[in-house]
Amino acid sequence: MAFAAFATTEAQPQVTRRKSPIALLLLLPGILYLVLFFLTPLISLILTSLQAPSEFGDIGVYDYAFNWQNYVAVVEAYWPHILRSFGYALLATVFALLFSYPIAYFIGVKARRWPLLQSLMLVLVIAPFFISFLLRTLAWKQILSDESLIITSLKALSLLAPDAYFAGTPFAVVFGLTYNFIPFMTLPLYTALERLDTRYLEAGSDLYANPFTVFRKVTIPLSMPGIVAGTLLTFIPAAGDYINASRDFLGGPDTQMMGNVIEANFLVLLNYPAAAALSIILMAAILVLVGVYVKRSGTEDLL
């Protein structure tokens, strides 16, 4: 009987699932979109970064080649701007996290009992998005200028030296980056903290842990997905920003970042291979840093 049952089981044909053509058709628009608007420009950018100056052409005329020395040349020429970009982005990300975490914690945890207050504070967080990025940065340029009411008052009160200034300094650039990207840090943190089960916090207190230990051992690990998401959403655009560090806004001659160099090479110097090579280096460096950060933070599933 057992042998017959085994033979009957073996004789049953295995059901094989065939891939539905409908699923492939549904994926086709997204694939075409990525190929057309992501893969094609990326390939074009890589080919441009390898171009060489035309032998008989004017300024801004280049021929397709395999001139990989363009990468070496831009690194040698612009390595201070590369380091400055990632340094400013790192500082802005850290400051944004320090400012945003208490705000997100209050909105997501403490303000649960007052839904109206919670909604109002969320509106205040996203309110800067209703104003142009350029206008907000330009407003801070006016506030931090030497002729502004704040700076002149601080100098009148002898809190600042008569020759002190903020506009055009690294402080102004990092301040502008932090201010402009704080909503990108606050909203993911709020999303993670809003789902936090406060019973875990109460359990930690019941086990005689002090508030700092509960925060370090319970709150931070449970909010780590929001920290990682907010850090990525802040660091990546901050590293490529070219508005805050521009001389027309909060920056000066010694605060130029990679975005400003890329803009100058594309639009002013017409050195398209150098600008493209810098863009590729920026993207590759960000991918490596993001991969290492996510791997070390133990949140690989976010990628």
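The values are calculated or read from the model by the stated rules, or taken from the named source; none is laboratory data. What you see is a predicted model; the values in this text were computed from it and never measured. Note that each Cβ is placed from the backbone with ideal geometry, even for glycine, and that neighbours are counted across all protein chains shown. When the accessible area is computed, the model is the full protein with side chains, heavy atoms only, and any ligands, DNA or RNA have been set aside. Shrake-Rupley method; radii C 1.70, N 1.55, O 1.52, S 1.80 Å.
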Index of the failed condition, A164 passing every other in (1) open to solvent by 40 Å² or more (accessible area, probe 1.4 Å); (2) not in a helix (DSSP H, G or I)
(1)
Tabulated pairs, region 43-54, first over 14 Å from V74 (Cα atoms) and modelled with pLDDT of 90 or more, second of a type in the set (V, I, T) and assigned to a helix (DSSP H, G or I), C-beta under 7 angstrom, 6+ apart or interchain
L45/I280; I46/I280
Evaluate region 73-93: report whether one residue or more is over 22 Å from S279 (Cα atoms), open to solvent by 40 Å² or more (accessible area, probe 1.4 Å), modelled with pLDDT of 90 or more and not in a loop (DSSP other than H, G, I, E, B).
no
Expected single match for more than 30 Å from S145 (Cβ to Cβ), open to solvent by 10 Å² or more (accessible area, probe 1.4 Å) and either at pLDDT 90 or above or of a type in the set (S, T, N, Q) (or both) among T169, T213 is T213
Only one residue in Y200, Y208, Y190 is over 30 Å from L287 (Cβ atoms) and touching a Leu at 6+ places or on another chain (Cβ under 8 Å). Which one?
Y200
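For region 238-260, does any single residue satisfy the condition of being under 23 Å from Y190 (Cα atoms), out of contact with any Cys (no Cβ under 9 Å at 6 or more places or on another chain), of a type in the set (G, A, S) and in a loop (DSSP other than H, G, I, E, B)?
No: zero hits.
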Contacts under 7 angstrom Cβ, first residue in region 195-220 being more than 21 Å from Q118 (Cα to Cα), partner modelled with pLDDT under 90 and of a type in the set (F, W, Y), 6 or more apart:
V218/Y200
Under 26 Å from the mean Cα position of the chain (by Cα), part of a helix (DSSP H, G or I), modelled with pLDDT of 90 or more and not acidic (D, E): does that describe T234?
yes
Which listed residue is open to solvent by less than 50 Å² (accessible area, probe 1.4 Å), in contact with a helix residue (DSSP H, G or I) (Cβ under 7 Å, 6 or more places away or on another chain), more than 18 Å from L83 (Cα to Cα) and small (G, A, S), from A229, A239:
A229
When you look at L282, is it touching a Gly at 6+ places or on another chain (Cβ under 8 Å) and part of a helix (DSSP H, G or I), yes or no?
yes
Confirm whether I131 is within 22 Å of the chain's Cα centre (by Cα), open to solvent by 30 Å² or more (accessible area, probe 1.4 Å) and in contact (Cβ under 8 Å) with a residue 40 or more places away in the chain.
no
